[in-house]
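Visitor: Questions regarding the structure given below will be posed in turn.
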Amino acid sequence: MLDAVLIQQCADPSLKPAIVEQFIAMAGSQDPLAVTVRSGNRVVLVPRPTTPEEALALIRDNLSRNTVRVGITQYPAGVGIVEAGRLKQDMVEPCENIRMGTALFAKVFRIVSKWYGNPTAKEVLPQVMDDAVIAWQTGYFEGAAVFRAEDPGQEKTARPETVDPEKSEEDSDLVEAGNTVKPPNEAVASDPNKASIRIDLSGIGSRP
């Protein structure tokens, strides 16, 4: 079982520890050096790495022609990587892998949850979780490539373009508060690890 302290320190704060544990139990691995290589629907047998260096070399050898998942969260190694030479060894470091993986899974969950209409009913949330895990494993949900899709949590917040000096002090305060919300930069929005909007997943504690 994954160390609760590791989850608390490293997991994306938008996901409750129970959700992280469920996510890793369903889609991840207990081995931080685990590298899974697939060609289409076929699993490619590869030697089990025993060091981070071996794991990184294995990822680099297969990334250009196969689908590669790595580490505790089975993070999709090719996300955001144009060249295999840009891979970093911290991808197989437990805390960093959990940080990256849970941040990206939180985005996938938001995409699936939005499709369901952002439900709050406890009887619906397990189905959202199941579909989010399947989307994580396949990379697709309803025909959309979830790892490259826009994060629903990055949508722009509407706000007034001008400030009427005759507005009440209360309205001015609202405008000022609105001005503190910065529109997402396109480069940041494309990075699944920099999602800033959080969602409440407290309704999911355990599978039915």
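Visitor: Output the number of residues of the stretch 85-110 satisfying the condition of being farther than 19 Å from L6 by Cα, crowded, with 23+ Cβ neighbours inside 10 Å and of a type in the set (A, V, I, L, M, F, W, C).
Guide: Going through the stretch 85-110 one residue at a time, the tally reaches 2.
Here is a yes/no grid of residues against (1) modelled with pLDDT of 95 or more; (2) within 12 Å of the chain's Cα centre (by Cα); (3) aromatic (F, W, Y):
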{"residue": "V46", "(1), (2), (3)": "no, no, no"}
{"residue": "D61", "(1), (2), (3)": "no, no, no"}
{"residue": "V79", "(1), (2), (3)": "no, yes, no"}
{"residue": "D131", "(1), (2), (3)": "yes, no, no"}
{"residue": "A135", "(1), (2), (3)": "yes, yes, no"}
{"residue": "A149", "(1), (2), (3)": "no, yes, no"}
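Visitor: So which residues in the stretch 26-53 are free of Cβ contacts under 8 Å to residues at least 12 places away in the same chain and in contact with a Leu (Cβ under 8 Å, 6 or more places away or on another chain), if there are any at all?
Guide: Correct list: P47 only.
Visitor: Sticking with this one: Answer yes if at least one residue in the stretch 55-72 is free of Cβ contacts under 8 Å to residues at least 40 places away in the same chain, closer than 20 Å to C10 by Cα and among the hydrophobic types (A, V, I, L, M, F, W, C), and no otherwise.
Guide: Yes - at least one qualifying residue is present in the stretch 55-72.
The values are calculated or read from the model by the stated rules, or taken from the named source; none is laboratory data. Quick caveat, the model's predicted, so the values are computed rather than measured. Cβ sites come from the backbone with ideal geometry, for glycine too, and all protein chains shown count toward neighbours.
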